[in-house]
Each structure stands twice: as C-alpha cells, then as structure tokens.
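Visitor: Sharing a structure here in structure tokens format.
The values are calculated or read from the model by the stated rules, or taken from the named source; none is laboratory data. What you are looking at is a predicted structure, and each value in this text was computed from that prediction instead of being measured. Here the Cβ is made from the backbone with ideal geometry for all residues, glycine too, and neighbour counts use every protein chain on show.
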Amino acid sequence: MNTEARARRRRWPWVAGAVLLGLAVLIGLGEAAGWPFLGKPAERWLAKTLERRVQFGDERGDGLRVRFLGSLRLRAPTLELGAPRWSADAYMARAQDVFVRLRYRDLFAVRQGERMRVDALEASTLDLKLERRNDGTASWQFGAPKPPSGDRPDLPTFGRLLVREGRLSYVDAPLELALQGRATLSDSSAQAAAGASAPSAATSASAPGTAASAPPVGLRLDATGRQRDTEFSLRLDSGSLLPLFDDSGTTPPVDVHIDAHSGASRLRFAGTARDALRLDRLAGRFDVSGPSLSRLGDVLGVTLPTTERFALNGRLRKEAATWSVLVDDAEVGQSRLRGAFRYEGERRPRPLLAGRLGGAQLRLADLAPAVGAPVEGIAPPPRKGRTLPDREFDIPSLRRMDANVLVDIASVDLGSAFGEPMRPLRTHLRLDDGFLQLTDLDVRTSQGRVQGLVTLDSRPAQPLWRARLGWADIALERFLRQERTDGKPPYIAGRLAGRADLRGAGRSTAAMLASLDGEAVTRLHRGRVSHLVVELAGIDLAESLGLFLKGDEPLPVQCGVGQFVVQNGVARPRVLVVDTPDSTIWVDGQVSLRQEQLDLRATVAPKDMSPLALRTPLHVRGTFSEPAVSLEKGPLVRKLAAAGLLAALSPLAALLPGIDTGAQAPNDGGESGCERLIQLAGAPPAPNRIR
C-alpha cells in the first residue's frame, strides 16, 4: 500500500505537468487560431463593459479573431460601435479591415468613468460620428457618467491609430462647432513615382507595426465646418505614413504643412511633427492673419485683446502641452511689434501665458477696440447720441488663463492730437484668476514721465477698474500738437505735473466712466500762454485787433492749476485757474461722464484797461458729440443796451460801456500768490510737486 501511494505521488507531477502542457498547447492553438468560437462572447463582454452596442463582422461573427494574452486583441473585417441612446446617429464608429488592441487596465478605467484609451486601432477605412451636448455629455464617453471638465472636449486617446481613409463628423454644442472632415493617404515615394503601388489596406491591417517599413506615403486631411457664425476650412499635409496618433514617442518627425481659413482669418504652417493630428513635438514657421487678435484667441483658447486687423509671422515649438512662440514680426493695424512667449496648458489651475512683448511702434488706436472703440465687423459703434464706447468687454475671457508678460515698446503713438509719442513704454502685465494688473508702469514723453498702476478686477459681478498715475515735467509745447504758421509761439507751453487716483465699476468703458470716483490734480510750471487766446477769451476786441496786427506774443503763466473731484461719474473742478500778468481766467461747472454732458463756464478778470471790451462769461454746453460754445447773454445785453442809449446822445459816448479799467487780482506772481488764488476759489492748496 505504501508502495502504491508512493507511486501515485510520483505520478502526480507528471500528470499535472501533462495537464498544464495540454492547457498551454490548447491556449497556444487558441491564440494562434484567434479563438473563433469565443469571438461573440468577447463581443458581448465588450458591449457590457462599454455600455454600448459592439459588433465585429456579420451577425454570425465570421472572420472575427480574438486574443487574450497580455491584452485584448481583436481582428475583423468590420467593426461597428453604436451611438448612445440620446443620439440620432445610427452608430458612433464604423471601420473595415480592423485590428484593435485594448489594455485591460484601460478597460477597467473606462468602467470607472475615465477617458477612453485605445492602445492600437488599424483599419482600411474609419468613419466617426462624434457629438457633445450642452450638458457636457458626449458620444465617446463610456461607463459611469462624469461631470464636464471644461470647455475643451476630452476626446478618446490612441497609442496608435493607422487609417488609410478616414471620415469624421463632429458636432460640439458648447463650442457651437460643426465639422466634416476626410483624411486620406496617398503614395508620394520615389517608388510610387516609378509606378510602385502603395501598401494595401489589408497588409496594413494584418501586420500591425509593419507600416514603418512600407513605402512612405503622404497624409492629407481636409475639413470644413462652422463655429458660431464663421465658416472655416482646414488642410493638413504630412510627408510620410505615420500613425495618426502615437503616444509612444518612438516615431520619427515628419514634414507637416497646414493651411487653415476661418472667415477673414488665415493660418499657414510649415515644419515637422511626430504626431500629425495632435501636432505633438511640432516645430516650424507660421504666419497668421485676421480681423482681430481676439478672434485668434477664441480659436486657440487664449485671452487676446480686440484689435485692428493683424498679421503675425515667426517660429513655434510644441512639446506636450507647452507651446513656445517667437514672433519675429507682428503688424496690428499700423503697429509693429515682436515678442517671445511660452504657453503652458497643463499642470496648473489655469493655463499660463508668459514672455516678453516689444517692438518699434504701438499705435494706441490699434488697441482702441479693446476698450470698446468701434471697428467694422468687430466692434459696433456706441448707441446713437453717445460717444463713449458702450460695448461690453469680454470679461469671461479674463478668467480663461493667467499671464505674466513684460512689456517694453520703443514708441507709442497717442494719436493726431499729440505732438510727440511716448518713448519708451515699459510695464509688467499680470493676469491672475481674472485680476489684471499693469504694474511698474513707466512712460517717457516730451521730456517728462508718467508712472503708476492700472488694475481691472473681473471677478465681481460689476468688474472694478482703478488707475493711480503720476506725471511730471511734461513739456506741453511738445506734447500737444500746436501747429502755427509764421513762427508764432505755441498757444500754451510749460512743464505739466500732476497725479490722479480714479476708480470705477462696470462691464464697458461707458459704464466704468459713468460710475467713476476719485480726484485728480495738475499744475503748470514755468508756463506760457498765447496773449491772443487770453484776449479772445475775454472778448477784448481792441487788444485782440492789436495783436492780430502786430503779432501774437506769449504771456507768462504766474499760476496754472486744476483740481478736480469726481463723484458717481460727474467731474467738477474745485479750482481751475490760469493767471497771467494780463488777465486771470477762472473755470467752474461740471462734466457728466454718465450723461455725456458738458456744462462749463469760463470767466476772465482783466488786469489792464481796454477801450473796447465786451467782458462776459463763456459757456461750453451740450453733449460730447455736439458741444456748443456761447456767451452769457445777461452782461452782454446790458452793455449793448447801455451803448445804444448813449449812442442817442453822442456816437463817441457809445464806447463808454466797452471801456474796462481792469482790476488787479490777488497774485504777486509767486507761489504765495498762486496759493491765494486757490484759496479764493475755495479749494485746498495744490502741491508744488506731484509724486
């Protein structure tokens, strides 16, 4: 008995080994044959895992081969993957001559609601119908529902996708995008030129991984579509046959040419890429043009200002989610700029744009659309009867990304009213979670300087804007355009200094100015003003006629100061006075930024005698678009009535009401006299120096 037991124990290893060997042989034979009898069960298991109809081959499953070791691999003459129940499409994907490889861990991730990843898909033809709804659900999502991850769709990823001919229909409700595309592979090798044929689709499908050894062919992708109200077209050419998607990092770079149109915008690119469709490891030259930088930003998902028409060219590189762009030349309207930027799209709460912006010239009018100024086709004009731009800013775009950009521009053209540009303009632009700052602002112009800080906080329901600026030593005779003939002196000259602290709230330039609060003060040092202008302001006919005959001459400004307080969009001068040896000019009233109304009154107090002066206050009233200058009628009517009565007695007596003996103003020409004028107006003293 013991002998038999020992014999049985000796036989067990041989029996177990034989069983294991038999199983290994059976598995080997099954793997080699493709388990034809397990094809339909595998198909049903996939359908249950993906929660979607899956069909390989015909109803009987003829031609379907499946392998399980290491990964799930299926080969079939056809594949059809059903659309979700809510879709009107008959299927989501349909392919011919199919080879599919799925890793088990990827299938498990799909069951947990993760993005679908296909390790390999090869086919002679592939037809995709993709759709995403406003609630974020998409036809390519499988397994447990997952909340939307943002504006960008989480499309399926592929380790390898090799398709000889592909068709794509894509509808994205959140992006308001509809696209139809077709990708084809065409022979472009030297052998093809000699008449050699391209590898067959069946060869590509039956021998995974052998495409790299086949004669090279070219990839062409043509697509047309519409986003919002803009139609576009796209053409991509690649110089050799590669997997359309390949995240292995082992494929060599191929030549890539892109030509895209979207309305009046156009993009061209010539360079290389390792992944022809995802444009990974992209490097080359580009040129892009369009009606506004904001339109380009909408396409790229980058926050850019609304501008005049632009054209850019330069070089770019893309590694994973990081773009590096060197702009050699940028024409924005009449501005000429350049820059170097880096855009990082992942591993951050929000994408980051960082770099430097420079250039030879920036024309301020080219950026005016960014604050609502009208541009044909981009920004409409303000409402009828209004001047201030009332188009709302694109506030949501300020939350789309962060920015850290150093700005150093050689020259800034302020417009036709200014005699000299700003040279240079330097500032540090930072955007952090919707909070925009222009810090370290430093501008040189007309021998003077402007410094300060500007911020825009887009996070509140009514965005908050603030400007804290100071200026000093600005030569007005150079800063303001004052062209006069025959070498006559400028109307006003001197060194201007001042400061302002202003803040407002609103979603447009007009709304922010309508809510403006703060104060500003400015002062003119070593000033000079046209004698003729002073006399005309005082309606001194005799002295004005004399100056016309003998020529104008500048008068020294003994005191020139303005202090303004702004409350709820209404600016009022606490004091606005220009004092010369000849006259003192006082201005009071208000300017309503809310109603866009003017109501200002200028009074001239002469210091000398004039035989013919009709001294009466001047009024500037009306709207910003239609201002009106008029004389105060009361004093003028009284003088004219008195002249008419005296003319009845004697013609010479009619001149008596026009004689003005003048009155010395309380100013001794020094700083103390200027301070007395300010106190006389009821305003606190103005600082001599503005910091």
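Visitor: Restricting to region 67-97, name every residue that is in a loop (DSSP other than H, G, I, E, B), closer than 19 Å to residue 140 by Cβ and in contact (Cβ under 8 Å) with a residue 24 or more places away in the chain.
Guide: Taking region 67-97 and keeping what is in a loop (DSSP other than H, G, I, E, B), we get 68-71, 82-92.
Checking the rest, the ones that are also closer than 19 Å to residue 140 by Cβ come to 82-92.
Matches in region 67-97: 82, 83, 84, 86, 87, 89, 91, 92.
Visitor: Among the numbered criteria (1) under 30 Å from residue 493 (Cα atoms); (2) buried (at least 18 other Cβ atoms within 10 Å of the Cβ), which single criterion is violated by residue 408?
Guide: The failed condition is (2).
Visitor: Take residue 151 and decide whether it is at pLDDT below 80, assigned to a loop (DSSP other than H, G, I, E, B) and out of contact with any helix residue (DSSP H, G or I) (no Cβ under 9 Å at 6 or more places or on another chain). Give the steps one after another, and end with the answer.
Guide: Values: at pLDDT below 80: yes; assigned to a loop (DSSP other than H, G, I, E, B): yes; out of contact with any helix residue (DSSP H, G or I) (no Cβ under 9 Å at 6 or more places or on another chain): yes.
Judged against the criteria, residue 151 is a match.
Visitor: Do you know which of the residues in region 439-450 that are buried (at least 18 other Cβ atoms within 10 Å of the Cβ) and under 26 Å from the mean Cα position of the chain (by Cα) is farthest from residue 479 (Cα to Cα)?
Guide: 441
Visitor: Given the residues 87, 71, which is the only one that is touching an Asp or Glu at 6+ places or on another chain (Cβ under 8 Å), modelled with pLDDT of 75 or more and over 26 Å from residue 131 (Cα atoms)? Before the answer, list the steps.
Guide: Working: 87 fails: over 26 Å from residue 131 (Cα atoms).
After ruling out the rest, the residue left standing is 71.
Listed here are the residues, each with its yes/no results for (1) surrounded by fewer than 15 Cβ atoms within 10 Å (Cβ to Cβ); (2) more than 29 Å from residue 175 (Cα to Cα); (3) modelled with pLDDT under 85; (4) more than 43 Å from the chain's Cα centre (by Cα).
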site	(1), (2), (3), (4)
37	yes, yes, yes, yes
42	no, yes, yes, yes
66	no, yes, yes, yes
78	no, yes, no, yes
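Visitor: Of everything in region 104-136, what is within 28 Å of residue 401 (Cα to Cα), at pLDDT 85 or above and either surrounded by fewer than 17 Cβ atoms within 10 Å (Cβ to Cβ) or touching a His at 6+ places or on another chain (Cβ under 8 Å) (or both)? Give them in sequence order. Let's see the steps before the verdict.
Guide: Start the filter on region 104-136 by keeping residues that are within 28 Å of residue 401 (Cα to Cα), which leaves 113-117, 130-136.
The next check asks that each one be at pLDDT 85 or above; those that pass are 130-134.
Within region 104-136, 133, 134 meet the criteria.
Visitor: Residue 489 - would you say it is surrounded by fewer than 20 Cβ atoms within 10 Å (Cβ to Cβ), touching a strand residue (DSSP E or B) at 6+ places or on another chain (Cβ under 8 Å), of a type outside the set (Val, Ile, Thr) and modelled with pLDDT under 85?
Guide: yes
Visitor: Exactly one condition in (1) at positive phi; (2) assigned to a helix (DSSP H, G or I); (3) not small (Gly, Ala, Ser) is not met by residue 110; state its number.
Guide: (1)
Visitor: Give the residues of region 509-527 that are in contact with a Lys or Arg (Cβ under 6 Å, 6 or more places away or on another chain) and more than 15 Å from residue 564 (Cα to Cα), sorted by residue number.
Guide: 514, 525, 526
Visitor: Now for a different question. Residue by residue through region 463-511, note down the ones that are more than 21 Å from residue 525 (Cα to Cα), part of a strand (DSSP E or B) and in contact with a helix residue (DSSP H, G or I) (Cβ under 6 Å, 6 or more places away or on another chain).
Guide: Result: 465, 504.
Visitor: Tally the residues that are on the phi < 0 side of the Ramachandran plot and not in a strand (DSSP E or B), restricting the search to region 113-131.
Guide: Step one: of region 113-131, the residues on the phi < 0 side of the Ramachandran plot are 114-131.
Now restrict to residues that are not in a strand (DSSP E or B): 114-116, 119.
Total satisfying the criteria: 4.
Visitor: Which of the residues that make up region 391-434 are modelled with pLDDT of 85 or more, within 28 Å of residue 298 (Cα to Cα) and of a type in the set (Asp, Glu)?
Guide: Across region 391-434, the qualifying residues are 402, 408, 413, 432, 433.
Visitor: Keeping to region 574-602, report how many residues are surrounded by 20 or more Cβ atoms within 10 Å (Cβ to Cβ), farther than 24 Å from residue 383 by Cα and either of a type in the set (A, V, I, L, M, F, W, C) or modelled with pLDDT of 90 or more (or both).
Guide: The total comes to 6.
Visitor: Hey, does region 325-333 have a residue that's in contact with an Asp or Glu (Cβ under 6 Å, 6 or more places away or on another chain) and either within 27 Å of residue 415 (Cα to Cα) or modelled with pLDDT of 95 or more (or both)?
Guide: Going through region 325-333, the residues in contact with an Asp or Glu (Cβ under 6 Å, 6 or more places away or on another chain) turn out to be 332-333.
Pick out the ones that are also either within 27 Å of residue 415 (Cα to Cα) or modelled with pLDDT of 95 or more (or both) and you get 332-333.
Looking for residues that are in contact with an Asp or Glu (Cβ under 6 Å, 6 or more places away or on another chain) and either within 27 Å of residue 415 (Cα to Cα) or modelled with pLDDT of 95 or more (or both), one finds at least one in region 325-333, hence yes.
Visitor: Inspect all residues belonging to region 455-462 and state whether any of them is part of a loop (DSSP other than H, G, I, E, B) and without any contact (Cβ under 8 Å) to a residue 12 or more places away in the chain.
Guide: Filtering region 455-462 for residues part of a loop (DSSP other than H, G, I, E, B) gives 458-462.
Still in the list and also without any contact (Cβ under 8 Å) to a residue 12 or more places away in the chain: 461.
Yes, there is a match, as at least one residue in region 455-462 is part of a loop (DSSP other than H, G, I, E, B) and without any contact (Cβ under 8 Å) to a residue 12 or more places away in the chain.
Visitor: Kindly indicate which of 243, 216 is modelled with pLDDT under 65, crowded, with 18+ Cβ neighbours inside 10 Å and farther than 20 Å from residue 159 by Cα. Steps first, please.
Guide: Details: 243 fails: farther than 20 Å from residue 159 by Cα.
Matching residue, one of 243, 216: 216.
Visitor: Another one. Give me the residue from region 303-359 that is of a type in the set (Ser, Thr, Tyr) and closer than 26 Å to residue 256 by Cα and, out of that set, surrounded by the fewest Cβ atoms within 10 Å (Cβ to Cβ).
Guide: Quick first cut of region 303-359, residues of a type in the set (Ser, Thr, Tyr) only: 303, 306-307, 322, 324, 335, 343.
Still in the running and closer than 26 Å to residue 256 by Cα: 322, 324, 343.
Numbers: 322: 14, 324: 16, 343: 21.
Restricting to residues being of a type in the set (Ser, Thr, Tyr) and closer than 26 Å to residue 256 by Cα, the top hit is 322.
Visitor: Taking residue 451 as the residue in question, decide whether it is over 22 Å from residue 562 (Cα atoms) and touching a strand residue (DSSP E or B) at 6+ places or on another chain (Cβ under 9 Å). Before the answer, list the steps.
Guide: Details: over 22 Å from residue 562 (Cα atoms): no; touching a strand residue (DSSP E or B) at 6+ places or on another chain (Cβ under 9 Å): yes.
No; evaluated as a whole, the condition is false for this residue.
Visitor: Testing residue 74 on (1) surrounded by fewer than 18 Cβ atoms within 10 Å (Cβ to Cβ); (2) touching a helix residue (DSSP H, G or I) at 6+ places or on another chain (Cβ under 8 Å), one condition comes back false. Which one is that?
Guide: (1)
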